[in-house]
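What follows is a set of notes on a single structure, which appears directly below.
The values are calculated or read from the model by the stated rules, or taken from the named source; none is laboratory data. Just so it is clear, the structure is predicted and the values come from calculations on it, not from any experiment. Here the Cβ positions follow ideal geometry from the backbone for every residue, glycine too, while neighbour counts run over all protein chains shown.
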Amino acid sequence: MTYRVIDLFCGAGGMTLGFVDKRFGGGFKCVLAVDNDSAAIKTHEDAFGGKSVSGNIEVWLESKPTIPQADVVIGGPPCQGFSLLNKNREGDVRRALWEPYMDIVKASGAKVFVMENVKELLKSSEFEDIARRAEKMGFEIEAAILNAADFGAPQVRRRAVIVGWHAKAGVARPAFPPQQTRSAPGAKDGLPDWVTVKDAIGDLPDPVGVEIRDIEGHLNLHFGRNPTAKSLARYKVVPPGGNRFDLFKNAPELTPDCWVRKTSGGTDLFGRLWWDKPSVTIRTEFFKPEKGRYLHPVKHRPITHREAARLMGFPDDFEFAGSKTEVARQIGNAVCPPFAGAISKMVREMLDTTKIKKAA
């Protein structure tokens with residue numbers, strides 16, 4: 001049986017991919033996707049079809065649209081309102097976007113919902129509000145902070161996951177958290193080690209060209225850049241596993257004044273990824289080494305869009321729409337598909353068990 005899923009704040013569809021693609025999970029069909037990023041919605045439409053809405057969810061709901069019936073609602077209300085990177089978290093309107101999410105859970109008749117967000121959500125007052133709203137709607141919930149690397153993504157990405165199920169409608173309690181498939185090296189639990197950066201991108205040749213698409217419009221995520229002479233000189237003095245402190249040690253004359261003055265913290269800035277570890281968390285500006293540990297392990301350049309997409313767990317045949325910056329934003333904002341696939345298998349087992357119970 002194929003179950004119907006709605007993906008809210010869907011982005012490019014990393015979470016949808018985990019639910020619909022058999023390489024990750026499978027057994028679901030996306031019947032509605034909503035996001036205010038028009039390039040991401042184009043990506044989602046091209047990849048999955050189904051009804052899609054490009055715009056602010058709360059404005060769209062004011063038009064009283066027909067919400068399709070679904071078995072599951074998935075998605076992550078924009079996380080910046082909870083993120084530690086946002087210094088003005090209090091009063092951020094994005095913190096309240098869980099409310100239209102829950103409105104659609106109710107309107108769609110979904111019996112399960114999965115909400116993904118930054119780990120700070122679980123310590124917020126909004127989490128308590130979500131729990132109260134879910135209880136009023138007849139749902140029980142469980143929540144945990146999970147690491148995408150434990151589920152086959154080549155990236156350490158710790159995220160809060162909330163699973164809700166309509167127990168009064170006979171939905172089975174989930175085996176939550178999902179059974180992890182990988183472990184940190186040395187865990188001695190019988191599971192294979194985390195997928196490393198080398199596993200994910202070690203086979204890629206040098207980048208081709210500097211454009212994201214050829215003259216016929218075909219996608220090329222593995223493109224290079226045109227660094228300045230100073231940038232290239234900076235890259236060359238950062239050793240394997242190094243960071244901005246090595247830049248200052250080896251070439252103080254090339255080090256920005258702000259880093260010279262800041263003698264502590266920020267150990268990932270201008271850092272190289274390690275071949276033998278998963279990637280650090282990929283964010284939307286991974287192409288800027290000054291934003292994090294985004295230098296190639298050995299090459300004198302930042303990682304490419306293709307390498308970032310692989311480090312998220314996207315297969316090479318997944319096509320993105322939009323400009324270089326728009327595609328980078330879609331990659332960095334996505335849910336890692338292998339991680340989403342593990343969640344989808346758990347949800348499918350819940351729904352299959354419910355169906356068996358009803359048949360009996």
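Please note which helices (runs of 4 or more DSSP H) are completely contained in region 24-128 and include at least 2 residues that are under 29 Å from PRO174 (Cα atoms) and at pLDDT below 95.
98-108
Within region 273-322, restricting attention to residues that are of a type in the set (A, V, I, L, M) and closer than 23 Å to THR228 by Cβ, which residue is surrounded by the most Cβ atoms within 10 Å (Cβ to Cβ)?
ILE303
With the condition kept exactly as written, say whether any residue in region 218-226 is among the aromatic types (Phe, Trp, Tyr), over 20 Å from LYS288 (Cα atoms) and out of contact with any Cys (no Cβ under 9 Å at 6 or more places or on another chain).
no
Results for (1) among the charged types (D, E, K, R); (2) more than 25 Å from VAL118 (Cα to Cα); (3) modelled with pLDDT of 95 or more, shown as yes or no for each residue.
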residue: CYS258; (1), (2), (3): no, yes, no
residue: ARG261; (1), (2), (3): yes, yes, no
residue: THR267; (1), (2), (3): no, no, no
residue: PHE270; (1), (2), (3): no, no, yes
residue: THR281; (1), (2), (3): no, no, yes
residue: PHE286; (1), (2), (3): no, no, yes
residue: PRO289; (1), (2), (3): no, no, yes
residue: ARG293; (1), (2), (3): yes, no, yes
residue: ARG301; (1), (2), (3): yes, yes, yes
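Within region 241-360, which helices (runs of 4 or more DSSP H) (wholly inside it) include 1 or more residues that are more than 30 Å from VAL34 (Cβ to Cβ)?
244-250, 257-261, 337-359
Across region 100-125, which residue is surrounded by the most Cβ atoms within 10 Å (Cβ to Cβ) among those that are charged (D, E, K, R) and over 21 Å from the mean Cα position of the chain (by Cα)?
Restricting to residues being charged (D, E, K, R) and over 21 Å from the mean Cα position of the chain (by Cα), the top hit is LYS111.
Among residues belonging to region 132-149 that are in contact with a Phe, Trp or Tyr (Cβ under 9 Å, 6 or more places away or on another chain) and in a helix (DSSP H, G or I), point out the one that is nearest to SER344 (Cα to Cα).
Here the answer is ALA148.
Considering (1) more than 30 Å from SER124 (Cβ to Cβ); (2) buried (at least 16 other Cβ atoms within 10 Å of the Cβ), say which one ALA149 fails and leave the rest.
(1)
Please find, among VAL156, VAL163, VAL195, the residue that is in contact with a Gly (Cβ under 7 Å, 6 or more places away or on another chain), surrounded by 12 or more Cβ atoms within 10 Å (Cβ to Cβ) and at pLDDT 95 or above.
On inspection, the qualifying residue turns out to be VAL195.
Conditions (1) assigned by TED's automatic domain parsing to the domain that holds LYS42; (2) more than 28 Å from VAL208 (Cβ to Cβ); (3) more than 17 Å from the chain's Cα centre (by Cα), marked per residue:
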| position | (1), (2), (3) |
| --- | --- |
| CYS258 | no, yes, yes |
| LYS262 | no, yes, yes |
| LEU273 | no, no, yes |
| ASP276 | no, no, yes |
| LYS288 | no, no, yes |
| ALA342 | yes, yes, no |
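Filter region 190-228 down to the residues that are of a type in the set (Ser, Thr, Tyr) and farther than 23 Å from VAL156 by Cβ and list them by number.
Once the filter is applied, which keeps residues that are of a type in the set (Ser, Thr, Tyr) and farther than 23 Å from VAL156 by Cβ, region 190-228 yields only THR228.
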